[in-house]
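*Asks:* Structure incoming, see below.
We did not get these values from a lab; they are worked out from the coordinates using the rules stated. All of these numbers come straight from a predicted model, not from anything done at the bench. All Cβ positions, even for glycine, are placed from backbone atoms using ideal geometry, and neighbour counts span all protein chains on display.
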Amino acid sequence: MTNQNKLMICCPAYGTSNPFPSNADHYRKYHGKVAWLVNPWTGTNRDPKDIGSDPFGLLISDGTEIDPALKKIEQELYEAKRLLRTLNLYNEELFDPEFIVDCRKLLGS
């Protein structure tokens, strides 16, 4: 389970403000097995696929943690850009997500 210690700003089942209880664990104990249709820390609707694979919101992050894998990727991207700038080969287009997807399609990956 991810970090869910921050108080929720809305009800995970209905999206209404001021959920009772406001703590995720307490909410689950009080309301039982209720599908979490809304991210209770952002107020945004959850993707139906996410609801299907995690109906009770156990994998939703309250936003207080940074995924270590993402942090590592960001560091590697920073290092790659720095190296390319040092070699005078840097081109911002190389890091454009659409360009990367197009290259992967061409390479068949």
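*Asks:* What lysines could a cross-link reach from K33, if we take a straight Cα to Cα line under 23 Å and drop same-chain neighbours fewer than 8 places away?
*Replies:* Result set, ordered by chain and number: K6, K49.
*Asks:* Amide H neighbours of G57 under 5 Å, counting only residues 5+ apart in sequence or on other chains, H built in-plane at 1.01 Å?
*Replies:* For G57, whose amide H was placed from the backbone, the distant partners under 5 Å are W36.
*Asks:* About the Cα centre of the range 1-64, how large is the charge dipole given +1 on each Lys and Arg Cβ and -1 on each Asp and Glu Cβ? Please answer in debye to the nearest 20. Kindly include the intermediate steps, with their values, before the conclusion.
*Replies:* Details: 6 positive and 5 negative charges, 29 e Å.
The dipole of the range 1-64 has a size of about 140 debye.
*Asks:* OK, next. Mind checking which lysines have their Cα closer than 29 Å to the Cα of K81? Skip sequence neighbours fewer than 8 apart in that chain.
*Replies:* Reachable lysines: K71, K72, K105.
*Asks:* Which number comes out as Rg/Rh for the range 1-94 once both Rg and the Kirkwood Rh are worked out on C-alpha atoms? Show your work: numbers first, answer last.
*Replies:* On the way: Rg = 18.8 Å, Rh = 15.4 Å.
Rg divided by Rh gives 1.22.
*Asks:* With Cβ to Cβ distances under 10 Å as the rule, what net charge do the other residues near F56 carry (K, R +1; D, E -1)?
*Replies:* Summing Lys and Arg as +1 and Asp and Glu as -1 gives +1.
*Asks:* Through the Karplus equation 6.51 cos²θ - 1.76 cosθ + 1.60, θ set to phi - 60°, convert the phi angles of the range 26-39 into ³J(HN,Hα) values in whole Hz; use x for Gly and Pro.
*Replies:* Using θ = phi - 60°, the values come out as 5, 4, 4, 5, 6, 9, x, 7, 10, 5, 8, 8, 10, 6 Hz.
*Asks:* Using the Karplus curve 6.51 cos²θ - 1.76 cosθ + 1.60 with θ = phi - 60°, what ³J(HN,Hα) values do you get for each residue of the range 5-18, in whole Hz, with x for Gly and Pro?
*Replies:* 8, 5, 5, 6, 9, 8, 5, x, 8, 10, x, 6, 6, 6
*Asks:* Another question, then. Got a sec to turn the phi values of the range 42-59 into Karplus ³J(HN,Hα) couplings, 6.51 cos²θ - 1.76 cosθ + 1.60 with θ = phi - 60°, whole Hz, x for Gly and Pro?
*Replies:* 10, x, 8, 5, 7, 5, x, 5, 5, 5, x, 8, 9, x, 9, x, 5, 9
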